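Input: a single structure, listed below in structure tokens.
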Amino acid sequence: MSELLEELLAYLEVNRVDTYLFTGNSPERPRRIFGGQVLAQSLNAANRSIEGDRIAHSMHANFLRPGDPKKQIVFEVDPTRDGRSFATRRVVAKQDGKPIFITSVSYQIDEDGLEHQAEMPDVPAPETLQTDFDYWQDMAQKYPGRFDPPLTGALERRVVNRRDYLDPQPEDPVTHMWFRVPGQIGDDPNRHQTLIAFISDFALLGAALLPHPYTAMSKQIQAASLDHAIWFHRPGRADEYLLYTMDSPNAGGGRGFSRGQFFDQSGRLVASTAQEVLMRKRPDRS
């Protein structure tokens, strides 16, 4: 395991203070805590409060306030229910005593049942695509001050249909991205779910902006995640390539709605996501 990946996991795998109390920290960048980070940290805390063989199958969350990376986050887990088959945990993430994020996570024992799933899209293999890290390094060098260097090299992301960030044009609201963490990270399902939750917040906002001539970096747009949901359908490994395919069926009222699906390379549907985002156009002050 690389030092960068160990550092990322040190942030995402929160510190246990008491049975249902955890704390977590953040890297210096970005200036506001990345939503996927607190999403993953909260799931990690909830998962570690569960005893037995129950596995998280759904997570529903709301982003309430911007998080300050200079301050510690406190995660309070409420053991809402422990049934024979299902269990529920509620997590409140706080800074300065105020909630910045809340989520409810549901768990179920492994059961056999009826099965069907969506088909995996036909896209280029990940090895044929440039990594996101290399792309943003190049952009930061070519256009200093306009684009920031990549946040972390711990994740390997490869975008199938990359947008033109210099001159974004309206296009169909569908996008695909391969990702994995380089190196073996063991078989703990909590660790794999934590990393899938982290990556799930990377591109859903961008999918909602695809039909419009803006990106999340456009100065004319105020953008932020409002809520987020994940459904874990089948076990998935974050250290093997997963395809994250996203679409956005609606935008209106200053909000955009996006959906996502994670497939492994064999075509198994591992997880699904949904997110509503703020994408408010700033007043023209020219």
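List of remarks:
- Region 131-147, residues that are without any contact (Cβ under 8 Å) to a residue 12 or more places away in the chain and either under 12 Å from Leu166 (Cα atoms) or part of a helix (DSSP H, G or I) (or both): Asp134, Asp138, Ala140, Gln141, Lys142, Arg146
- Scanning region 250-268 for residues being in contact (Cβ under 8 Å) with a residue 12 or more places away in the chain and assigned to a loop (DSSP other than H, G, I, E, B) gives a total of 4.
- The sole residue among Thr215, Thr194 that is among the hydroxyl-bearing types (Ser, Thr, Tyr), in contact with a helix residue (DSSP H, G or I) (Cβ under 8 Å, 6 or more places away or on another chain) and over 22 Å from Ser2 (Cα atoms) is Thr215.
- Selected residue [among the basic types (Lys, Arg), crowded, with 20+ Cβ neighbours inside 10 Å and within 21 Å of Pro189 (Cβ to Cβ)] from Arg89, Arg48: Arg89
- Verdict on Ala238 being part of a strand (DSSP E or B) and of a type outside the set (S, T, N, Q): no
- Tally, over region 1-47, of residues that are under 19 Å from His192 (Cα atoms) and of a type in the set (S, T, N, Q): 7
- Residues of region 180-212 satisfying the condition of being among the polar types (S, T, N, Q) and in a helix (DSSP H, G or I): Asn190, Gln193, Thr194
- Any hit, region 63-76, residues being under 19 Å from the mean Cα position of the chain (by Cα), in a loop (DSSP other than H, G, I, E, B), among the aromatic types (Phe, Trp, Tyr) and within 19 Å of Ala10 (Cβ to Cβ): no
Quick note: the coordinates plus some simple rules give every number you see, no bench work behind them. Just so you know, these numbers come straight off a predicted model, no measurement behind them. As a convention, Cβ positions derive from the backbone with ideal geometry for all residues, glycine included, and neighbour counts pool all protein chains shown.
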